[in-house]
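The values are calculated or read from the model by the stated rules, or taken from the named source; none is laboratory data. Given the structure is predicted, the values throughout are model-derived calculations rather than measurements. Neighbour counts are summed over all protein chains in view; Cβ atoms, including those assigned to glycine, are modelled from backbone coordinates with ideal geometry. The area values use the complete protein model at the heavy-atom level, side chains included, leaving out ligands, DNA and RNA. Shrake-Rupley method; radii C 1.70, N 1.55, O 1.52, S 1.80 Å.
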Amino acid sequence: MKFSFELAVNTKKEDVWAYYSQVDQWFVWEGDLEEISLDGDFTTGQTGKMKMEGMPELVFTLVQVRENQYFSDLTATPFGNVLFEHEIVEDPAGGISLRHSVSLTDGDTTEEALAFLKQIFADVPESVGKLKQILEAV
């Protein structure tokens, strides 16, 4: 199961990457983020912890990091592993879009799991919209 949201942004990919690669900048676009820490550099395999509003602290792992292009992080949940993907998509005309996706990579496929994934994804369009506003205001 996977949900994605994509939005065109009038900025440079390097400017987007500054918000992606510095976890203290996630507070700017993730409205329900209360705490976040990374155990080292923003690189593939690095682990960290985050606390979202109304949720227990969660451990995440940066599964893949490609500078100025993409990063994904994985969090174990009772329904299976939740994969968050953040992509900077370049179009042939030279513009870029931001695509954020949330998926259950294994585990449960019940209605309850689907409802859980929908709940996680519900804030994604708003978060991407906030990031767009911030980037285009610079």
Of the numbered conditions (1) farther than 23 Å from Lys132 by Cβ; (2) surrounded by 15 or more Cβ atoms within 10 Å (Cβ to Cβ); (3) aliphatic (A, V, I, L, M), Leu83 fails exactly one; give the number of that condition. (1)
Pairs, please: C-beta under 7 Å, at least 6 apart or cross-chain, first residue touching a residue at least 40 places away in the same chain (Cβ under 8 Å) and in segment 119-138, second surrounded by fewer than 19 Cβ atoms within 10 Å (Cβ to Cβ) and among the aliphatic types (A, V, I, L, M)? Val128/Leu7; Gly129/Leu7; Lys132/Leu7; Ile134/Val28
Of the residues in segment 7-27, those that are under 24 Å from Met50 (Cα atoms) and among the charged types (D, E, K, R) come to Asp15, Asp24
Since Phe27 meets every condition but one in (1) under 21 Å from Pro125 (Cβ atoms); (2) in contact (Cβ under 8 Å) with a residue 24 or more places away in the chain, which condition does it not meet? (2)
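Residue by residue through segment 92-118, note down the ones that are of a type in the set (Asp, Glu) and in contact (Cβ under 8 Å) with a residue 24 or more places away in the chain. Please lay out each step first, then the result.
Taking segment 92-118 and keeping what is of a type in the set (Asp, Glu), we get 106, 108, 111-112.
Scanning segment 92-118 gives Asp106, Asp108, Glu112.
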Open to solvent by 40 Å² or more (accessible area, probe 1.4 Å) and under 14 Å from the mean Cα position of the chain (by Cα): which single residue out of Ala115, Ala122 fits that description? Ala122
Failed condition for Trp17, given (1) over 17 Å from Lys130 (Cα atoms); (2) under 14 Å from the mean Cα position of the chain (by Cα); (3) open to solvent by less than 70 Å² (accessible area, probe 1.4 Å), with all others met? (1)
Within segment 26-49, is even one residue closer than 17 Å to Lys12 by Cβ, surrounded by 12 or more Cβ atoms within 10 Å (Cβ to Cβ) and modelled with pLDDT of 90 or more? no
